[in-house]
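Just so it is clear, none of the values below were taken in a lab; they were calculated from the coordinates. Note that the coordinates shown come from a computational prediction; the quantities given were computed from them, not determined experimentally. Glycine gets a Cβ as well: all are built from the backbone with ideal geometry, and neighbour counts include every protein chain shown.
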DNA sequence: GATAGTTTCATACAAATGTTTGAAATGCAA
DNA sequence: TTGCATTTCAAACATTTGTATGAAACTATC
């Protein structure tokens, strides 16, 4: 191929427009106008609008997933094959939060695009997200190694809640900012990651949740410390 | 007015179709076909498609919000004006989770509609959701009464995380089910509510727990030495 | 520099969609 | 019944949308 110019211009323009205005009201004509290319170029290079969106999303997803797995492997290597649960959770939520939050990220098109993809759920993206389960299984496996003997159910709930806090923070950062009247600092990504990780680990180490919530997580926590050593 | 027949038929049909197939690919023509009414009836009775969707959503939202506030007030009355933090969080997440989860709810159109509204974020619904902040402030106020002296920031983060876990469980219950290979029981709503409440309270009372999990410099800024009395 | 393959372009297509219209039907009060 | 307001209806409107087409422009190879 001669030069990716047109193709890349479309990708860049599409990502920017989708990030700014959402999938709902950005048409192919908007995109090609922004990219200064012909309308037919989209179908020529990508086949269809949905495939364009899919390519945008997979590119960014692969990026995030790779970072996650890199952090996970680093943590496992450092721990001789078994990473501490804190580090596993950090590898899980860190890349996403770092990618989408923070002051400098305000200008990052990629970040804003991923936030958009998290808020609006458009069919081509949903299809890709469904395949994410395989990726998460690797984290479940690492967690199982880090907390042997613990019921799988608890592992999955902990993983689920960690993602819940991370994604919800990204999705609803505007609302949290408004609710807290700016008191919650959403630019301090480090602190947010720490916070999510801390709560996730607490959730994971609290033991079985019976029908009564008054239960105390304290003694179970002691047991974990022994295991984790 | 003679009889709300047409109007209600449209509302019912719309809610059912949106719940089943999502906002993306349900047209007014689908709705009026399902309701056995004329196409123009929608614009006659509701003004526009968006106003129809908005009416559907506000109806269900008001329902949930009323339940929440009822539970909150009941808890505060029982506690002589100050409710336990557990009960506040329960009032916050209970109604939503009870409304959208559980085995019998599989057939509930209203529940499936609200799940849909939570997954897909369509403009008229987003506009309404933005007004939800005022409603949440009442819970922030109750939490402040329950945990006096605690930094507001911590309150907001706790509130935020509670909603994160509740909504994410609703949004991603399919994925959690698949990830856990059915091991996570999403029909046991009681247990789920307990779980979310427990973790939320833990997140809120982090500073109180003497045996903090990690040696992280983590939530230093949020750990107030001044505890509530 | 001719040729084959690739890319770009203007334009047209076809389908879908929310909305409007004006007349017909219906309900209700006097 | 008559008259008036409300409601229903079929049909059309006016866009907008993604996609397809076929010719033209370009590129690289021989």
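For chain A, the relative contact order comes to 21 percent (Cα pairs under 8 Å, sequence separation of at least 6).
With everything on Cα atoms, drop me the angle between helix A:132-146 and the longest principal axis of chain A, reported from 0 to 90° to the nearest 10. Helix A:132-146 sits at roughly 20 degrees to that axis. The long axis of helix A:218-228 is offset from the longest Cα principal axis of chain A by roughly 80 degrees. For peptide A:176-189, the mean count of partner chain Cβ atoms within 10 Å of a residue's Cβ comes to 4. Ranked by the mean number of other Cβ atoms within 10 Å per residue, highest first, peptides A:22-32, B:130-140 order as A:22-32, B:130-140.
Kirkwood Rh and Cα-based Rg: tell me the resulting Rg over Rh for the protein assembly as shown, rounded to two decimals.
With Rg and the Kirkwood Rh in hand, the quotient comes to 0.98.
Across identical copies of the chain, residue B:59 has label-point separations of 4.4 nm, listed in ascending order, with the point defined 7 angstrom from Cα along Cα→Cβ.
So what's the gap between the Cα centers of the range B:149-191 and the range A:119-168, to the nearest angstrom? Centre-to-centre (Cα) distance: 13 Å. Take the Kirkwood radius over Cα pairs of chain B, plug it into Stokes-Einstein at 25 °C and 0.890 mPa s, and you get 125 µm²/s for translational diffusion.
Efficiency by 1/(1 + (r/R0)^6): what FRET value for residue A:188 and residue B:109, r their Cβ-Cβ distance, R0 = 35 Å, to the nearest 0.05?
FRET efficiency, residue A:188 to residue B:109: 0.25.
Distance between the C-alpha centres of the range A:18-33 and the range B:1-61: 28 Å, rounded to the whole angstrom.
Starting from the label point of residue B:149 at 7 Å along Cα→Cβ, the same points in the other copies fall at 3.8 nm, in ascending order. Relative to the longest principal axis of the Cα atoms of chain B, the long axis of helix B:189-204 lies at roughly 40 degrees. Working from label points 7 Å from Cα in the Cα-to-Cβ sense, the residue A:178 to residue B:74 distance is 3.0 nm.
Spin-label model, residue B:40 to residue B:144: label points 7 Å out along the Cα-to-beta-carbon direction sit 5.4 nm apart. Listed from fewest to most Cβ neighbours within 10 Å, the set B:59, A:6, B:169 follows the order B:59, A:6, B:169. With the cut-off at 1.5 for a/c, could you classify the range B:1-47 from its C-alpha gyration tensor as rounded, prolate or oblate? Note, shape of the range B:1-47 comes out prolate.
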